[in-house]
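Right, one structure below, let's go through it.
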């Protein structure tokens, strides 16, 4: 249960809100690079934390994001001409480059010099790992990008990224990522306890669907280890995962030390979130986050409107096309035929912004509770001190790995997994045991 | 004319409002039983006084209505599995029975005992007369159902019930029921004064469309008698009808003493109302509320959304498919081809919640005025004293009958009709005279 | 840049707002006469300054506009019968004439005399020049109609009027009319400087797209002269245009002294505006406001809803069907294929009501600035003194003309054009030079 004021603090991200201001101090994925396929291509409407931008790729291939309204009299730059190194508003011909500088102001007498006094609001933009990143923060010189392993060049072969928009607040979407106990129900509730081979991670999960938890705060956010017996009293199966400021998670699917996975829950506005779900792992994983599960989201072709990007045809309005017969027969626990669809059904069915006043949190929710507190504490420090929030200027904090591991029962989960979590140690577990979870 | 604050008092019914709180002290029709056709069938979204419920029929056939959001972390129970005596949330597998008790909490360690500490909000439900009734009130032990004659078993052959949703506040819908003078215009304005046989009730109405009124407060609400000559100075035709707390009416159609009719105007929220229109009468009545007139509402198949039940294809958005040519030619007074459609056109065209500040009430509106005052007075008593409002715990008050009767001019309408109104006396009027009104 | 409070003052026009009250003191175009094609035809829903009216043409051909809600109990008069000299509400048969007088109240006993105590709210209406004009002001006796030359009988042959609804506030639409420098970009940005024959007005504009401005306040509002060289240093091409209280403009297209053009930007509500664009000119003008450019708005057939009149199929939602390929290739500057479509794209893309806090106004915006100040000053006087605002009772102030003219460089623009502007002098410029602009 969260007080209504704390809930508001955590969920509202528009300009001027505390959470919005703190989030703006971080680089954020804003688009997929292919949304701007070529120099001088059509501009694109982009919503980010409740702000409206027009994104364009200039003649040299550089991406710019300008505030949507022309600084002159407010016409939308969306209708602008993307030409010769800048975007030209068609109302009076004012032309801006990616940095917001006015290159031309042809309806004003030259002697007025007005051109040099006007700038379009623009935000720093870089492209990395197939994404367009934007910085909306207060630092004169933007910090470095977070050094997420996913973006390392050598990962390119096993790398995949799935992007989709969801119709609810960023926080309730993120809370699903750090709540591992739902896996045993929402995603595999239809499987019997012996549905997976002995010794596999999945088998451990099916045999004990009420794991215990350890949680800890870290420099980058918070981590948890959810544990249960690994087939015997001597061994324990640990699922280790992270929350990283401000909106990232690394989920415990796959093999700890091998999987480089990260999810970003980027708010478009308070009620819409763009999910960037990136994976890189040499160990195949076909159950939870395989590519085919994303096909079942049935993404619609992008349209030009503010909420028109990476939308699913399956929404709360059509009950996510639930198949009640499949649910009733037990072929599926949910009647929904993919993991991300199941996650969306739960989080979007909470309403656009969940009022957390009616919650009853149990021992399986310790990580959810921990993360809320971690963010609230950082938020208060940020508001009081004005100092940069955790990780905003510490890119290397983001070199974390998550996943599953079997440890001797009684081992210190953090000490024993240090190298697997920071990528300095190779996993020794047979990858086949982790496949399919 | 009603002050804006009184209007708000009467029309707002959400949780915590005075009218909403008072209304909750009564049993309310919430659904038609056939909406839950069999044990373990699909759950249904139900809106009631602005609250969201998921209704389901359990394995034993019992109906439950649970607050829509799971008490755990707020996922909608609509996506739940209806299985083995309870509804199981698919997020973490928590399972609740119709009383809200948590039967299973499989993602929590057994020793946590958390299962016994959590309840889903549920409301008492009973089925009677083909309807599902819900009680949202404050009494530990719900009161008995109102003893409406309509629900007596022996009425089954002549019993019919029509249910449809309208897009406006409950009060303006109800006010149409207690405003008998509109009958002569809205419903039969196209008929000449001699369009009905001499001596019939309809003929009396056509010959004098400006009846006089007597109104009186009663224990159950208020009653009126609208009167006019019955073909001569010696006899007077009376239309006697009732308002019963909190949202019932008994309209004056048919023969007093024979007709058992009742209408409930149940708020889904402030701007949508479910109408339950129940009739039982051995005297055929083909004009005002015959079954075919409901066919003209052209109800759409129910959908699963909050406002998707018993919706008409004819709405204010399509002008209720008015036929202007029929109206112009005089074939119809309104161009609308059924009584309930005419009533809806008037009440919905007032807007979602009528601002009553611009009204001009005449002598034909005495019952409307009386009922508002009756409710406001009860509301003030309820708020001040906390005592149960009129009739909430007095089921037998609801054994009333309404309808038309011819009395000697000058007779005391109340004394003369006591037995006909309370069902202890059989009508002596020839039923043929009342047919068709 | 405008403060948020001044912006609100200028843009809000609902009942009781300062700007709404001031605007109501003027006659306003409310409909096109052909919307009510014949006596006793179907009534029409009309929105004006946020107020809802039902317009009808009575048996004698007279037009009435009554407040939409029946004064009795608020049913909409839209469903009324238009019959024998009045509109009859079908609820209880109350019948009103065009003046709001109750002609019949058949559900009330005659002796109640209530009929004479009730009036429907009606507003004075006249028809002139193919339009229905309404007066919503405070004067007992409405003032005369503004004596716009457009409505003179003798203009009938060259007269045309185009009406369309736009989805934004009236003021941002009007500001586009008094901002002549956008012409060189938005409308002719694809033309080279030598695209028009030497000596033509268009050639002067293409050769110098950054005109200088003179602005002046007048009794009727404000006027500007935008000037630039007319092919040599000796001659100057002036574009002279006007703002007239409360929502009229006369744009500088065509030949000063010949063109009788006027545009009214009539608010339906704060976010929707009906544009009446009237022209009368013997000099053909095929570029800017020719009839074919209106065809490209693709107006939809009128529907009966409040916003259903004169709507375009091309809206912000479909990006006005911009042709990016045409824009990219330079065949068109905007990719939009007509002048009014280009204007709409700019003004509607500012949002429903532009927040003017982010503007950067240059020397080309002096007329925009001047007009805002002129209105704000009048508004303050009106609020403080209660006196009629400028022109409200001075019809002859509206006999103005606008257009282009070539004057000797250095001439006093106002003195030199007095007769051309007030219609007492014939233009001497070759009309061919003005054609097409």
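The values are calculated or read from the model by the stated rules, or taken from the named source; none is laboratory data. Quick caveat, the model's predicted, so the values are computed rather than measured. We place every Cβ from the backbone using ideal geometry, glycine too, and count neighbours over all the protein chains shown.
Each row is one residue, and each column tells you yes or no for (1) more than 15 Å from residue B:134 (Cα to Cα); (2) over 20 Å from the mean Cα position of the chain (by Cα); (3) assigned by TED's automatic domain parsing to the domain that holds residue B:302.
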site	(1), (2), (3)
B:7	yes, no, no
B:11	yes, no, no
B:14	yes, no, no
B:37	yes, yes, no
B:40	yes, yes, no
B:43	yes, yes, no
B:46	no, no, no
B:50	no, no, no
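Give the residues of the stretch A:38-49 that are within 13 Å of another protein chain (Cβ to nearest Cβ) and not in a strand (DSSP E or B), sorted by residue number.
Across the stretch A:38-49, the qualifying residues are A:38, A:39, A:40, A:41, A:42, A:43.
Residue C:359 is checked against (1) closer than 25 Å to residue C:179 by Cα; (2) more than 11 Å from chain A (Cβ to nearest Cβ) and fails just one. What number does that condition carry?
Among (1) closer than 25 Å to residue C:179 by Cα; (2) more than 11 Å from chain A (Cβ to nearest Cβ), residue C:359 violates only (2).
Anything in the stretch B:319-340 that is part of a helix (DSSP H, G or I), out of contact with any strand residue (DSSP E or B) (no Cβ under 8 Å at 6 or more places or on another chain) and more than 9 Å from every other protein chain (Cβ to nearest Cβ)? List them, or say none.
Of everything in the stretch B:319-340, those that are part of a helix (DSSP H, G or I), out of contact with any strand residue (DSSP E or B) (no Cβ under 8 Å at 6 or more places or on another chain) and more than 9 Å from every other protein chain (Cβ to nearest Cβ) turn out to be B:321, B:325, B:326, B:329, B:339.
Taking the residues in the stretch A:55-67 that are crowded, with 24+ Cβ neighbours inside 10 Å and free of Cβ contacts under 8 Å to residues at least 60 places away in the same chain as candidates, determine which candidate is nearest to residue A:118 (Cα to Cα).
Checked the stretch A:55-67; the qualifying residue nearest to residue A:118 (Cα to Cα) is A:66.
Go through the stretch B:105-118 and count every residue that is more than 7 Å from chain A (Cβ to nearest Cβ) and surrounded by 15 or more Cβ atoms within 10 Å (Cβ to Cβ).
Looking only at that region, the number is 2.
Please determine, by comparing only the residues of the stretch A:204-219 that are within 30 Å of residue A:146 (Cα to Cα) and touching a strand residue (DSSP E or B) at 6+ places or on another chain (Cβ under 7 Å), which one is farthest from the other protein chains (Cβ to nearest Cβ).
Among those residues, the one meeting the criterion is A:216.
Tell me, which residue of the stretch C:411-430 that is over 28 Å from the mean Cα position of the chain (by Cα) and touching a residue at least 12 places away in the same chain (Cβ under 8 Å) is surrounded by the most Cβ atoms within 10 Å (Cβ to Cβ)?
Selected residue: C:429.
For the stretch B:151-168, state whether one or more residues are touching a residue at least 12 places away in the same chain (Cβ under 8 Å), within 12 Å of another protein chain (Cβ to nearest Cβ), more than 22 Å from residue B:27 (Cα to Cα) and part of a loop (DSSP other than H, G, I, E, B).
No, the stretch B:151-168 has no match at all.
When you scan the stretch A:196-211, do you find a residue that is under 20 Å from the mean Cα position of the chain (by Cα), within 25 Å of residue A:432 (Cα to Cα) and touching a residue at least 24 places away in the same chain (Cβ under 8 Å), even just one?
no
Filter the stretch B:1-30 for residues that are assigned to a loop (DSSP other than H, G, I, E, B) and touching a helix residue (DSSP H, G or I) at 6+ places or on another chain (Cβ under 7 Å); which is farthest from residue B:388 (Cα to Cα)?
B:1
Could you check the stretch A:211-284 for strands (runs of 3 or more DSSP E) lying wholly inside it with 2 or more residues that are modelled with pLDDT under 95 and buried (at least 22 other Cβ atoms within 10 Å of the Cβ)?
So the answer is A:260-269, A:272-280.
When only residues in the stretch A:82-96 that are more than 11 Å from every other protein chain (Cβ to nearest Cβ) and assigned to a strand (DSSP E or B) count, which is nearest to residue C:346 (Cα to Cα)?
Only one residue fits best here, namely A:87.
Given the condition within 26 Å of residue B:365 (Cβ to Cβ), buried (at least 17 other Cβ atoms within 10 Å of the Cβ), within 14 Å of chain C (Cβ to nearest Cβ) and touching a strand residue (DSSP E or B) at 6+ places or on another chain (Cβ under 6 Å), answer yes or no: does some residue in the stretch B:179-193 qualify?
Yes, the stretch B:179-193 contains at least one residue that is within 26 Å of residue B:365 (Cβ to Cβ), buried (at least 17 other Cβ atoms within 10 Å of the Cβ), within 14 Å of chain C (Cβ to nearest Cβ) and touching a strand residue (DSSP E or B) at 6+ places or on another chain (Cβ under 6 Å).
Would you confirm, using the coordinates I've provided, whether residue C:314 is part of a helix (DSSP H, G or I) and either touching a strand residue (DSSP E or B) at 6+ places or on another chain (Cβ under 6 Å) or within 14 Å of chain A (Cβ to nearest Cβ) (or both)?
The answer is no for residue C:314.
Identify all residues within the stretch C:97-111 that are within 32 Å of the chain's Cα centre (by Cα) and either in a strand (DSSP E or B) or not assigned by TED's automatic domain parsing to the domain that holds residue C:39 (or both); write none if there are none.
Residue satisfying the conditions is C:101 alone.
Would you check which residues across the stretch A:353-377 are more than 19 Å from the chain's Cα centre (by Cα), modelled with pLDDT of 95 or more, crowded, with 21+ Cβ neighbours inside 10 Å and under 18 Å from residue A:217 (Cα atoms) and list them?
A:365, the sole residue that qualifies.
So, of the residues in the stretch C:51-77 that are touching a helix residue (DSSP H, G or I) at 6+ places or on another chain (Cβ under 7 Å) and under 28 Å from residue C:276 (Cα atoms), which turns out to be nearest to the other protein chains (Cβ to nearest Cβ)?
Taking the candidates together, the pick is C:76.
Among the residues of the stretch A:31-41, is there at least one that is touching a helix residue (DSSP H, G or I) at 6+ places or on another chain (Cβ under 7 Å) and either within 30 Å of residue A:383 (Cα to Cα) or buried (at least 24 other Cβ atoms within 10 Å of the Cβ) (or both)?
no
Within the stretch A:125-144, how many residues turn out to be more than 15 Å from the chain's Cα centre (by Cα) and crowded, with 17+ Cβ neighbours inside 10 Å?
So the count comes out to 6.
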